[in-house]
Amino acid sequence: MKTLLVGKIHPDAEELLNNIELQKADLIEEKDYLDIEAVVLRVFTPFKETEIKRFPKLKYFVTCSVGLDNIDLDMLKERGIELIHCPGTNSNSVAEHTLYLLLSLLRSSKPFPELKGKTIGIIGFGNIGKIVARKLLGFEAKVIAFDVVEQDPEVLKELNVKMTEMDELLKESDIITIHVPYNRHTSNLIDEDKLQKMKEGSFLINTSRAEVIDNEALVRCQDKFKGIALDVYTNELRKGLKGNVVLTDHVGAQGEESFRKMCVKPVKEFLSKF
Ligand SMILES: NC(=O)c1ccc[n+]([C@@H]2O[C@H](COP(=O)([O-])OP(=O)(O)OC[C@H]3O[C@@H](n4cnc5c(N)ncnc54)[C@H](O)[C@@H]3O)[C@@H](O)[C@H]2O)c1
């Protein structure tokens, strides 16, 4: 299986690829890869129509990251290319990072508010949202959540979470953290109207994707927040934000254990195919 590895994966995953015919690259170049049958991708680089067309013989597309918004999934399906990915493998790392951002934001306000008794609103109650709620259990905070999918009452009871409507979450929360995927339904999900509905003096955290917040609206509405923490942001947003702002550079998933899992799991699944 002639395979192209794009970007740096965990050394344990790379070692697994030693026995196949492997080429390595930092990025997908502007050329045709006529004999490549599989791509293993780590970087957040687009794999859309332009890139897919450069691989006429592609059979497998292996991605060592959880978000799939850089990939044209419809085109992979049309071309019969099998997608191998790694959902859930980095959730713990992102959830820990969310707690790090949350506590950093609070502690850089003067006087700093304590978490006990505060209401935390989680938008997107999937893998990461649930782990964030689990980690918050010991803080004696109130946790509410909004999701478009109905949730298991047993899980909600165990995690001490109440599901609410979006508007209620926006109005009630002292701290809001966003964990939705980026797709055509969630692009600018947090628009000016929703930002206006959030509490004056609240805190906002986003570790999902920059595009789920209307960046220009956030710059306009920033003064109402006591703090904003982002793991994902555009340069324009970075330049436009002032005050209590904590920024990290899309490192939420980079926890050592999660990074290993995120690379080893899909590579093993790929190798088991032939
Ligand atoms: N910062 C990072 O490094 C990093 C790492 C991993 C994932 N992420 C991002 O976090 C996102 C969430 O990851 P996950 O593993 O929890 O995904 P997941 O699919 O398990 O959960 C996402 C949840 O969002 C819900 N959702 C979808 N549309 C919604 C909407 N309009 N309103 C409310 N809820 C909605 C879904 O029903 C689901 O429950 C990923 O898609 C990715 O973009 C970021």
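The values are calculated or read from the model by the stated rules, or taken from the named source; none is laboratory data. Values in this document were obtained by computation on a predicted structure and should not be read as measured data. Because the Cβ atoms are built from the backbone with ideal geometry, glycine has one as well, and the counts that use them run over all protein chains shown. Heavy atoms of the whole protein, side chains included, go into the accessibility calculation; ligands, DNA and RNA do not. Shrake-Rupley method; radii C 1.70, N 1.55, O 1.52, S 1.80 Å.
In a reduced charge model with +1 at each Lys and Arg Cβ and -1 at each Asp and Glu Cβ, the range 158-274 shows a dipole moment near 420 debye about its Cα centre. Projecting the Cα atoms of 47, 67, 81 onto the charge dipole of the range 26-90 (Cβ charges, centred on the Cα centre) puts 81 farthest toward the positive pole. If both residues of a DSSP beta bridge must be in the range 1-108, then about 0% of such bridges are antiparallel. Run the numbers for residue 224 and residue 32: contour at 0.36 nm per residue of separation, minus the present Cα-Cα distance, in nm. Full extension of this stretch gives 64.1 nm more.
The listed residues 256, 150, once ranked by accessible area (1.4 Å probe) with the largest placed first, stand as 150, 256. Considering only Cα atoms, the convex hull volume of the range 170-229 works out to 71 Å³ per residue. Here the range 156-274 is treated as a Stokes sphere of Kirkwood radius computed over C-alpha pairs; at 37 °C and 0.692 mPa s its diffusion coefficient rounds to 204 µm²/s.
The mean sequence separation of alpha-carbon pairs under 8 Å and at least six residues apart, normalised by the residue count of the range 176-274, gives a relative contact order of 24 percent.
Global size of the chain: 20.3, 62 Å for Rg and Dmax (C-alpha atoms, Rg to one decimal, Dmax whole).
Computed about the Cα centre, the dipole magnitude for the range 1-71 is approximately 140 debye when only Lys and Arg (+1) and Asp and Glu (-1) carry charge, each at its Cβ. Just report the Cα centroid separation between the range 154-219 and the range 58-87, whole Å. That distance is 28 Å.
Neighbours of residue 139 by Cβ distance under 15 Å: Lys/Arg scored +1, Asp/Glu scored -1, total +2.
Carbon-plus-sulfur accessible fraction, the chain (probe radius 1.4 Å, protein heavy atoms only): 48%. Residue 272 sits with roughly 90 Å² accessible to a 1.4 Å probe, with DNA, RNA and ligands left out of the calculation. Remark: the Cα gyration tensor places the range 66-119 in the prolate category, a/c being 1.5 or greater and a/b exceeding b/c.
Probe radius 1.4 Å, ligands and nucleic acids left out: which of 66, 232 has the largest accessible area, and how do the rest follow?
Values: 66 50, 232 10 Å².
Heavy-atom accessible area, descending, gives 66, 232.
Within the range 2-128, all pairs of alpha-carbon atoms sorted by distance into 5 Å bins from zero give the percentages 2, 9, 16, 18, 14, 10, 8, 7, 6, 5, 3, 1, 0.
Measuring with a 1.4 Å probe in the full set of protein chains, what accessible area per residue, in whole Å², belongs to the range 1-157?
52 Å²
For the peptides 125-134, 13-22, residues were scored by their other Cβ atoms within 10 Å and the scores averaged per peptide; the highest-first order is 125-134, 13-22.
Averaging the sequence gap over all C-alpha pairs within less than 8 Å and six or more residues apart, then dividing by the number of residues, gives the chain a relative contact order of 19 percent. When all protein chains stay in place and ligands, DNA and RNA are ignored, the 1.4 Å accessible-area order of 48, 226, 77, largest first, is 77, 226, 48. Compared with the direct C-alpha span, the chain from residue 137 to residue 151 gains 3.2 nm at full extension, assuming 0.36 nm per residue.
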